[in-house]
1. Please report the antiparallel percentage of the DSSP beta bridges confined to the chain, to the nearest 5.
2. Express in Å², to the nearest 10, the accessible area of ILE32 obtained by rolling a 1.4 Å probe over the protein heavy atoms while all chains stay in place.
3. Once you order the gyration tensor axes a ≥ b ≥ c over the Cα atoms, which shape class does segment 438-522 get: rounded for a/c under 1.5, otherwise prolate or oblate by comparing a/b with b/c?
4. Compute the acute angle (0 to 90°) between the alpha-carbon long axis of helix 18-71 and the principal axis of greatest extent of the alpha-carbon atoms of the chain; round to the nearest 10°.
5. Here are some values of Rg and Dmax of the Cα atoms in Å: (i) 41.8, 182; (ii) 31.2, 99; (iii) 33.3, 113. Which one was computed from this structure?
6. Taking a probe of 1.4 Å, how large is the accessible area per residue of the chain, in Å²?
7. How large is the helix-only mean residue ellipticity at 222 nm for the chain, computed as the sum of -39500 (n - 2.57) over DSSP H runs with n ≥ 4, divided by its residue count, in deg cm²/dmol to the nearest 500?
8. About the Cα centre of segment 207-276, what is the dipole size in debye to 20, counting +1 per Lys and Arg Cβ and -1 per Asp and Glu Cβ, all else neutral?
Amino acid sequence: MRFLSHHNRQIKEPGFTLVELLVIAPVAVLVIAGIIALMINLVGDSTISRDRSISAYNLQSALDRIEQDARLATVFLSSYSMLNTPQGRDDTTGAFSASSPNNDLIVNQYATTSSPLNVNRQVVYYKSQPNACGAANTILNPALTVKIIYFLKSGSLWRRTIVPAWSLSASDQTAVCDTPWQRNSCSLSATFNAYCQSRDELILDNVSSITTTYYTTGSSTTTNPVVAKSIRTVVTQSKTVAGETITNSGVARATRTNTSYDDTPDTPANIRIYNAALSIYNQPLKSSFTWNKAKNARYYKTRYKINSGAWSSYSNVLTNVLTVSAGRPLDTITVGVISSNDIGDSAEAQFLYQRPLWTNCELKSPWVNYSPAGNGYATAAYTITSANIVVMKGLVTGGASGTPTYGVCTLPEGLRPSAHLIHTSTMDASGTYGVPARVDVGVAGGVDIIYHPTVNWVSLDAVKFVAAGAVTWTNATLNNGWTNYVATYGGPFAPVQYATDASGRTQVQGLLTPGNQCTGCNIWFVPAAYRPGQDLHFPAYANSTVTFPLQGGGTYEFNSYGIQASDGNLHAKGTLGGTYETNQTMWHPSSYSGWLNLTLQNSWVHYGGAYATPQYTKASDGIVQVKGLITRNTVGICTLGEVITTLPVGYRPKETQIYLLDSYANFGRIDVQPNGNIICVNNNYGWTALDNIKFLAEQ
């Protein structure tokens with residue numbers, strides 16, 4: 001018998017050898033990849049199939065919505081631009097257009113009291129155009145219409161609603177009989193306001209194009225949407241799903257069922273100035289125009305040009321009023337107006353107008369113009385020069401009311417000072433000498449006269465100042481204890497300041513509080529570039545007048561100051577009581593060379609020395625200035641109406657100008673007449689300064 005040891009027995013274990021694994025693994029990977037690919041294809045096909053179905057459904061829904069709106073149309077529009085931010089295509093005021101590249105679909109529909117699909121809805125009609133609301137013939141009034149606009153933005157098709165301005169309570173052409181159901185819509189990112197009351201409706205995503213063909217009848221196409229009876233809109237949608245581009249196109253074909261009762265509007269007629277006497281509409285920097293309301297016009301396209309310049313872009317206005325806030329006095333303004341509605345435009349009407357030099361003050365009661373027959377004085381008026389100097393003229397009276405009345409009129413925006421100013425003028429109170437008058441102009445435009453209530457008249461001829469923002473002011477450094485009134489007492493008054501205006505003149509404004517009160521005491525030094533070529537004298541208004549002792553005895557009353565050309569010393573000419581003195585004037589600097597000599601008459605001669613030579617000039621903005629310190633060879637006051645000198649043609653006012661003059665022993669009155677005569681009405685002996693005479697040449 002044979003026995004085998006268990007140590008010699010061989011046992012075979014299950015599994016793959018390394019060689020077998022190297023052979024089998026790639027085969028397994030290929031099999032698994034095939035299975036996965038098959039699954040992906042199955043899932044992708046399912047996803048593509050699902051998205052095709054969803055896209056087709058959404059596309060059809062969008063086309064149904066377009067068709068529904070098109071059927072309700074009264075007219076299709078080629079463009080629409082009566083838009084307010086954020087209604088525009090660019091979310092500001094950009095117009096919509098049916099032309100390429102926008103290809104917007106602009107549908108005009110009646111505004112209704114509820115959804116247009118509600119059988120109980122009513123059309124919203126305009127009020128009293130011409131019939132009253134509720135009347136059986138209200139339907140003869142024009143209807144309020146809204147704009148439904150389909151447009152592409154960032155690959156999506158949106159629907160926007162535009163509702164024109166309307167009101168239940170207004171008395172103008174925006175008044176309607178009922179509240180419209182439709183509301184203005186705007187983009188999702190826009191801020192809600194009166195023109196953004198709801199959000200645009202997203203009609204369809206992934207839209208690559210929208211095109212509309214317009215038909216007059218049957219298959220006859222037109223490029224003018226307004227005359228179209230029906231439309232054919234093609235919307236193409238494109239997106240990538242599971243690596244495959246899905247493209248769907250659909251067509252909406254619809255015929256409008258409503259009819260627009262508008263016709264091409266009439267051309268605007270009788271363009272003219274609107275409310276010529278009211279400064280809120282017409283003043284030196286603004287003019288307003290109106291015209292007869294045109295038949296069938298829903299709004300007006302307006303434009304303008306100044307002189308021979310370029311036309312402005314067209315602007316749309318709902319009312320028959322156009323305001324032009326451009327140009328200056330004496331500019332020629334041409335306006336163009338087109339009547340427009342949803343059907344189309346009228347021919348353009350144009351109107352040419354020269355803005356007047358002066359605007360009459362709208363006087364407040366009890367103030368009226370001082371105008372006895374044949375006096376030759378100006379009515380109260382104002383203007384602004386090319387150098388932005390506001391100029392007033394005229395005599396006003398308020399009668400003997402027993403109580404001071406200050407408010408005269410109000411200057412409009414753009415013709416107001418940078419701070420409250422006090423001007424030194426004159427009034428007729430005693431009939432003996434010129435009497436100082438205080439004329440204030442505030443930053444809100446109020447023109448006020450501070451005076452005793454029994455005066456006969458007050459002159460506005462001395463009021464001249466730089467309009468706010470026209471120059472850069474430099475504050476003066478004050479001396480000898482003089483301070484700015486505003487720093488001491490507060491209030492809206494300007495500190496003493498100086499500047500150069502656009503015509504090269506030195507301008508000075510401000511209100512002072514007296515310091516060292518002596519003859520010749522320096523108040524502030526005028527820098528060299530701003531000093532005049534010769535010494536000048538100006539009257540100044542103050543709230544108290546004191547007597548000043550004369551050399552050799554006697555006294556006189558003083559409120560005045562002088563400017564020395566040699567050292568720029570602006571100084572007080574005597575002692576002064578009270579709390580303020582005005583420092584409001586202008587002069588040509590020493591660098592100016594346009595002076596012409598005056599020929600003096602009736603024994604008047606130049607005073608001599610460093611004092612100003614009797615001369616005159618006209619600046620680039622038309623303001624005439626006279627200067628000179630003169631005296632008489634004979635002692636005594638001037639004869640009433642005595643001619644001192646005569647200005648030539650081109651340097652004369654249109655009406656008589658009246659000024660307060662500074663003279664040796666008192667103030668006086670001096671007039672400049674339309675014939676050029678500068679006449680002395682009254683003054684004292686000694687010297688007389690002509691430096692305060694400044695007016696706008698008109699003849």
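The values are calculated or read from the model by the stated rules, or taken from the named source; none is laboratory data. For clarity, every value in this text was computed on a predicted model and none was experimentally measured. Cβ sites come from the backbone with ideal geometry, for glycine too, and all protein chains shown count toward neighbours. Only protein heavy atoms, including side chains, enter the accessible area calculation; ligands, DNA and RNA are left aside. Shrake-Rupley method; radii C 1.70, N 1.55, O 1.52, S 1.80 Å.
1. Details: 164 of 170 bridges.
Expressed as a percentage, antiparallel bridges in the chain total about 95.
2. Using a 1.4 Å probe on the heavy atoms, I get roughly 100 Å².
3. oblate
4. 50 degrees
5. (i)
6. Numbers: 31330 Å² over 699 residues.
For the chain, the per-residue accessible area is 45 Å².
7. On the way: 2 runs with 59 residues, N = 699.
Rounded to the nearest 500, it is -3000 deg cm²/dmol.
8. Details: 6 positive and 4 negative charges, 28 e Å.
Using only the charged Cβ atoms, the result is roughly 140 debye.
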